[in-house]
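Inspection log for the structure reproduced underneath, given as structure tokens.
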Amino acid sequence: DSAIFYLEEALKYYNYTRQMHIDDIANVYADIARLRMETGELEEAKKYAEQSVTAAKESGHKETIANAKVVAAEYYNRAGNTSAAYEALHEATILNDSVLANANIKQANTLAAIYENNIKEKKIGQLETDKKIQTATVKQKSLLITIFIIVLVALLLTVVLLYWNFKHKQMLTSQQHLIQQQ
């Protein structure tokens, strides 16, 4: 009894901001309907089950509508109207299947996005590795060119020094030869 009392009190507050809390209102109606069914108050349960379906349809959310339809099916089953119970349960099942299909599509899209992101990250990693290899290759080639230039300059300098030394010796020899002749 106290649960029903507090749920009915909650409805009063929810109704002040009905548009914002229409899903909550539908769920509270469903809870009260279930509690009324447990206490055997089928007429009160019917009233709350119908209000739950109405509020759920007003919200437009398939999950809320399916929950309200399940409560209506429970009421119809307790009231002995199995065909109406079956119909409400069938509608709830269709809505739940639709919600599940949408969730699966969202999950598949999310997984596809994650997969594509991973592929892009691998490509970026590969490009970065290739860039590092190219940079190392360029540095190696630059080092080899620098070493080649240094060796070439050293060789050229050696040739010039040898030539200068040769000319110097030749000049000394020629001077000695002149001195000996004099």
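Would you compute, from DSSP H runs of 4+ residues alone, the mean residue ellipticity of the chain at 222 nm, taking -39500 (n - 2.57) per run and dividing by the full residue count, rounded to the nearest 500?
-33500 deg cm²/dmol
Set the Förster distance to 25 Å, then compute FRET efficiency between residue 112 and residue 133 from the Cβ-Cβ distance, nearest 0.05.
The pair residue 112/residue 133 has a calculated efficiency of 0.20.
How far, in nm, would the chain grow between residue 44 and residue 15 when pulled straight, counting 0.36 nm per residue and subtracting the alpha carbon separation?
Using 0.36 nm per residue and subtracting the Cα-Cα distance, I get 8.5 nm.
Could you report the chain's accessible area per residue, 1.4 Å probe, as an integer in Å²?
Heavy-atom accessible area per residue stands at 75 Å².
Do any GluC sites (Glu not before Pro) in region 1-59 lie in a DSSP loop with no more than 16 other beta carbon atoms within 10 Å, and if so, which?
In loop regions of region 1-59 (DSSP not H, G, I, E or B), the sparsely surrounded GluC sites (Glu not before Pro) are 41.
Say the cut-off is 29 Å between C-alpha atoms; which of 62/120; 106/131; 57/106; 62/122; 69/106; 12/62 go over it?
The answer is 62/120; 106/131; 62/122.
The values are calculated or read from the model by the stated rules, or taken from the named source; none is laboratory data. No experiment lies behind these values; they were computed from the predicted model shown. So basically every Cβ, Gly included, is an ideal-geometry build from the backbone, and we count neighbours across all protein chains shown. Quick note on the areas: whole protein, heavy atoms, side chains included, nothing else; ligands and nucleic acids left out. Shrake-Rupley method; radii C 1.70, N 1.55, O 1.52, S 1.80 Å.
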